[in-house]
Amino acid sequence: MLRPAALLASTFLCLFSSAPAQDAPVELKLHWEPGQTYVQESDTDTTNFLTALGKTSDQKLRMHQTTSIAVQKTPQGQTEAKVMIESLLGEMTYEGKSHMFDSKNPGASHPALQQILGGSAGKSFTLVYDEKGAFLDAKDTASMVTGGVEPDLTSIANARQLATLYRRSLEMGLPKIPVRPGDKWISDEIVPFPQAGTVQVKLNAKFDGVVDREGRRQAQIAFEGTMKSQRDKDSTGRELRTERPVTLGDDSKVNGHVFFDLERKTISLAVFSATIQLKVEGKPMPVRQQVTTRLMSMKPTGAQ
């Protein structure tokens with residue numbers, strides 16, 4: 001899943017328009033509350049235009065994923081958020097046929113779906129934050145690593161990238177400093193994607209205002225921008241000549257909106273749409289994707 005690993009260099013420029021003096025700036029920073037468990041549900045619709053590669057038909061994939069995030073405070077004062085995929089449902093349509101996937105019975109699904117989605121449910125990782133809420137690291141990624149007792153280095157790297165990609169996708173479009181309704185900013189970040197490698201995600205975002213949604217005051221943010229593959233670099237920052245089998249073309253675009261719950265300091269709804277120009281072994285293949293993520297509940301850990 002392309003939803004916009006070690007955190008690489010990122011730059012963030014904030015361009016603010018004037019706002020009425022009575023509108024005090026608000027901080028729209030994601031916060032995980034210790035002792036609480038969050039439950040998210042995500043719906044992802046992806047169309048791979050395989051006809052561009054000479055196939056007889058395009059492929060459509062729909063997924064419904066339930067994710068839990070259990071948060072606790074460590075004796076050292078750090079906050080740990082354990083992210084676990086609880087369940088996954090999928091449907092693939094290809095060559096006029098539909099194939100279903102259910103993580104409760106993965107063996108009954110089409111082999112292609114087993115390869116893509118099999119084993120996803122139950123996988124987990126932990127995001128670690130310091131006492132001020134700054135991200136420190138992703139750990140406990142062993143459940144996402146393949147290779148048994150001798151896991152390969154690529155699998156380990158991909159597991160860390162997936163953990164970071166999940167975190168960064170939740171923060172996509174959020175400002176780094178307090179903002180007022182009407183303020184605009186530009187986010188220009190480097191995000192590591194499995195397979196596609198380093199991708200530049202540049203967004204133009206706007207704080208549309210505070211609305212009442214589901215009985216809570218929520219900040220509404222809209223954004224649009226571009227995604228573009230970058231050259232891999234070594235530890236010194238020097239560009240490498242390696243060629244990846246999958247890259248993103250310069251004209252890949254993304255847009256969306258999020259609702260940020262001002263009381264619970266978390267995303268209640270996020271909708272991302274992307275038109276991606278993939279290059280698969282040098283051949284162009286368009287991909288269209290929409291991801292909708294909802295916060296279903298936030299309850300004390302262990303509560304029913």
Discussion item. Considering only the stretch 125-142, I want to know if a residue exists there that is over 19 Å from the mean Cα position of the chain (by Cα), closer than 30 Å to Q277 by Cβ and at pLDDT below 95.
Written reply: no
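Search the stretch 209-221 for residues being surrounded by 15 or more Cβ atoms within 10 Å (Cβ to Cβ) and not polar (S, T, N, Q), and hand back the single one that is nearest to S297 (Cα to Cα).
Residues of the stretch 209-221 that are surrounded by 15 or more Cβ atoms within 10 Å (Cβ to Cβ), as a first pass: 210, 218-221.
With not polar (S, T, N, Q) added as a condition, the list becomes 210, 219, 221.
On the way: V210: 21, A219: 18, I221: 21 Å.
Among residues in the stretch 209-221 that are surrounded by 15 or more Cβ atoms within 10 Å (Cβ to Cβ) and not polar (S, T, N, Q), the one nearest to S297 (Cα to Cα) is A219.
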Fill in: Unique match (being modelled with pLDDT under 90 and over 20 Å from P300 (Cβ atoms)) among S87, S98, S109
S109
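If a residue has to be open to solvent by 40 Å² or more (accessible area, probe 1.4 Å) and part of a strand (DSSP E or B) to count, how many in the stretch 40-69 make the cut? It would help to see each step written out before you state the result.
Looking only at the stretch 40-69, we keep the residues that are open to solvent by 40 Å² or more (accessible area, probe 1.4 Å), and these are 41, 43, 45, 49, 51-56, 58, 60, 62, 64.
Imposing the further condition that a residue be part of a strand (DSSP E or B) reduces the set to 41, 43, 45, 60, 62, 64.
Within the stretch 40-69, residues that are open to solvent by 40 Å² or more (accessible area, probe 1.4 Å) and part of a strand (DSSP E or B) number 6.
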Discussion item. Among the residues in the stretch 259-278, are any open to solvent by 60 Å² or more (accessible area, probe 1.4 Å) and either touching an Asp or Glu at 6+ places or on another chain (Cβ under 8 Å) or hydrophobic (A, V, I, L, M, F, W, C) (or both)?
Written reply: yes
Worksheet item: Has the stretch 24-35 got any residue that is closer than 19 Å to I85 by Cβ and either surrounded by 15 or more Cβ atoms within 10 Å (Cβ to Cβ) or at pLDDT below 95 (or both)?
Response: yes
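How many of the residues making up the stretch 75-126 are part of a loop (DSSP other than H, G, I, E, B) and either touching a Ser or Thr at 6+ places or on another chain (Cβ under 9 Å) or open to solvent by 80 Å² or more (accessible area, probe 1.4 Å) (or both)? Step through it out loud before you land on a result.
Start the filter on the stretch 75-126 by keeping residues that are part of a loop (DSSP other than H, G, I, E, B), which leaves 75-78, 95-96, 103-105, 109-110, 118-123.
Checking which are either touching a Ser or Thr at 6+ places or on another chain (Cβ under 9 Å) or open to solvent by 80 Å² or more (accessible area, probe 1.4 Å) (or both) leaves us with 75-76, 95-96, 103-105, 118-123.
Matching residues across the stretch 75-126 total 13.
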Item to complete: Could you list, in sequence order, all residues of the stretch 284-304 that are of a type in the set (A, V, I, L, M) and under 24 Å from Y38 (Cβ atoms)?
Response: V291, L295, M296, M298, A303
Discussion item. I need the strands (runs of 3 or more DSSP E) fully contained in the stretch 177-290, keeping only those with at least 1 residues that are among the charged types (D, E, K, R).
Written reply: 184-193, 197-213, 216-229, 252-261, 266-280
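The values are calculated or read from the model by the stated rules, or taken from the named source; none is laboratory data. As the structure is a prediction and not an experimental result, all values here were calculated from the model. Glycine also receives a Cβ, built like all others from the backbone with ideal geometry; neighbour counts cover every protein chain displayed. Just the protein is used for accessible areas: all its heavy atoms, side chains included, with ligands, DNA and RNA removed. Shrake-Rupley method; radii C 1.70, N 1.55, O 1.52, S 1.80 Å.
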